[in-house]
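S.K.: Quick one: the structure is below, and I'll ask about it shortly.
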Amino acid sequence: MDLPELIKPNGVYVADHHSLMDLVNAIVYTGESLASLRSAVDGYFRSIENAMENSIDDFRRQLQDAQSRLSDARAALSACEDSGYYDDDGNYVRPNCSCERAEVREAESEVDRIRKILERLEAIKSKVDSELYKYRQPFGVVIPGGGDGVLEYLSDNQSKEASDFMNRLLEIIEEYLSVNVSADGGVTSTPPKEEPIEITRSKADAFREASVRVMERQRTEQPSSHPNNAVALCLGCGRPVVACICANGPLQRERIFNYDISR
Amino acid sequence: MSMIPDYVSQVQEVARQLEAQALVTATQWSDSRRKEFYDRYIEPMLEWIDTYVNGSSGARSMQGMGLDDLLQFMDEQVSEFEAAGGSASAGIGFFYGSMPQQIMVSPRTSRSEVQAMPLTSSNGVDIPEEQAPDQISKNRTDWTVDYNLNSPGNFSAQNLREILNRRRNN
C-alpha cells in the first residue's frame, strides 16, 4: 500500500477523526463480509463433496447389483453344466450352456466396467478431499493453516482486534475533542455538526479515486484479478451480494460505540 | 464454459474497499500511531486476504491452494468426475443445481445474482436484472430436448442468455 509520508512522526496528527470512524467501519465491514464469504465458500465446497459422495454411493449400489447378477449368472452356468447326463447308449450328453456362459461374460464385463468407473470417481474424490482437508486446516503461525483458517482468523480475530484498538483510539480522540457520542453514533452534548455537502462529496470522491487506484494495483499485481474486475454489489449496503447484510433494505451501517461514554 | 462462482472477485472487492478506505484515512491521519495501526492490522489483513486468494506469498504461508486456484481445481475435478461417471451417473449436471442459491456465475463474467435484489457493479454500473426463471433448474431435460444445447446443468451464463433469448423469440 502506497501511503503518504507521515506528517508528524513524533506527534499527533488527526485532521479529521471521522475518517478514523470510516476506517473502523471498513474494518468491521471487512470482518463481517469475510465471515459471510467463508460460509458461502464452505457451502459451495460441501455441496460438491455431497454431490460426489451421493454419486459414488449410487455407483457402489450399482456395483453390488452387478455383482449379485454375476453371482446369479455363475450359479445358472454351474447348474447348466451340472445338468449333463448319460444317454441310453452310455454316452455323456454335454448340455448347451452357451447362453449361460454369455450371461456370465456380460455380467463380468458389467462388474468390471462399474468397478473401473467407481475407482476413477473415488480417485477424483480423494484428490478433492485432500485439497479440502488442507483448505480447512485452522489458522496457525507455526504450522500454517488453510484458506478457511485464514478467513476465520481475519473475520474472528484480526478485524475485531483492529476495531477494538481503533475504538480505544477514537475514545481518546473524542474525549480530547469534547465530543460525546451516544450509542447510536449521534452527538449528544453538543449540537451535531452536519458536514457540508462539499465535504461529503469530496470524501466520496476521495474514496472512489482510492478504489480506482487499488483496482489498478490489483490488476497489475494479482494474477487472479479478473479482466473486468467488477463484482455485483447490493445497492442497499454496497457489499458484495454474498456479504449483503441489509437484505436489500435501505439500511446504512452506522458506527456503533461500545465503550462507556460516561467515563 | 465452466461454472465457477465469483468468490474471488467478491473477496477482492472486500479487500479493495478496506484498502481504499485505508488510503483515504491515511490522508487525514498522519502520525506514528497510524503507522503502528497500519503495520499491525491493515497491512497484515490485506496481505492475508491476498494470500487467501492467491496462495502462499513471501511473507504469509498457507496450506494448500489459494482460492482462485482451488475453485479452478474443483471445477476441473467436477468436470472429470462427470465425464468419468458418464451418462450412467445420476449426477450429470447435479452440481449446477446444488450450488448455493446466491451465486451461480462464471468467474470471468463476474455476474452474480441474488433473487430480486437490485445490483450494481463495483465499477458503479447497474447490472441489468436477468430474467432467469426458476424453471431453468427444474425442467432441465426440456431445455435439451427443445434446444439441443449442452447437457442439462452445464449451462454457462452465456448459454443461459442464449436460451432465454430463444425462448422469448419463440
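The values are calculated or read from the model by the stated rules, or taken from the named source; none is laboratory data. Quick caveat, the model's predicted, so the values are computed rather than measured. Here Cβ is always computed from backbone atoms with ideal geometry, including for glycine, and neighbour counts include all displayed protein chains. The accessibility values were calculated without ligands, DNA or RNA, using every heavy atom of the protein model including side chains. Shrake-Rupley method; radii C 1.70, N 1.55, O 1.52, S 1.80 Å.
S.K.: Taking the stated definitions as given, is A:Gly84 more than 7 Å from chain B (Cβ to nearest Cβ) and open to solvent by less than 30 Å² (accessible area, probe 1.4 Å)?
M.R.: In short, yes.
S.K.: Would you check if A:Ala15 is modelled with pLDDT of 85 or more and facing another protein chain (nearest Cβ under 7 Å)?
M.R.: It is false that A:Ala15 is modelled with pLDDT of 85 or more and facing another protein chain (nearest Cβ under 7 Å).
S.K.: Here is a follow-up. Is it true that some residue in region A:91-101 is in contact with a helix residue (DSSP H, G or I) (Cβ under 7 Å, 6 or more places away or on another chain) and within 14 Å of chain B (Cβ to nearest Cβ)?
M.R.: no
S.K.: Counting only residues that are of a type in the set (A, V, I, L, M, F, W, C) and open to solvent by 60 Å² or more (accessible area, probe 1.4 Å), how many does region A:161-179 have?
M.R.: Residues that pass the stated criteria total 2.
S.K.: Quickly run through region B:57-115 and pick out the residues that are modelled with pLDDT of 50 or more and among the basic types (Lys, Arg). If you could, list the steps in order and put the result at the bottom.
M.R.: Quick first cut of region B:57-115, residues modelled with pLDDT of 50 or more only: B:57-86.
Within region B:57-115, B:Arg60 is the sole residue that qualifies.
S.K.: Please determine whether any residue of region B:73-90 is among the charged types (D, E, K, R), open to solvent by less than 30 Å² (accessible area, probe 1.4 Å), farther than 23 Å from A:Ser47 by Cα and in contact (Cβ under 8 Å) with a residue 40 or more places away in the chain. Working first, answer last.
M.R.: First, pick out the residues of region B:73-90 that are among the charged types (D, E, K, R): B:75-76, B:80, B:82.
Checking which are open to solvent by less than 30 Å² (accessible area, probe 1.4 Å) leaves us with B:75, B:82.
Filter again for farther than 23 Å from A:Ser47 by Cα, leaving none.
The answer is no; no qualifying residue exists.
S.K.: Let me ask another. For the subset of region A:130-160 comprising residues that are in a helix (DSSP H, G or I) and open to solvent by 60 Å² or more (accessible area, probe 1.4 Å), which member is farthest from the other protein chains (Cβ to nearest Cβ)?
M.R.: Here the residue is A:Asp156.
S.K.: Another one. Which of the following residues is open to solvent by 40 Å² or more (accessible area, probe 1.4 Å), on the phi < 0 side of the Ramachandran plot and over 36 Å from the mean Cα position of the chain (by Cα): A:Ala123, A:Ala107, A:Ala79?
M.R.: A:Ala79
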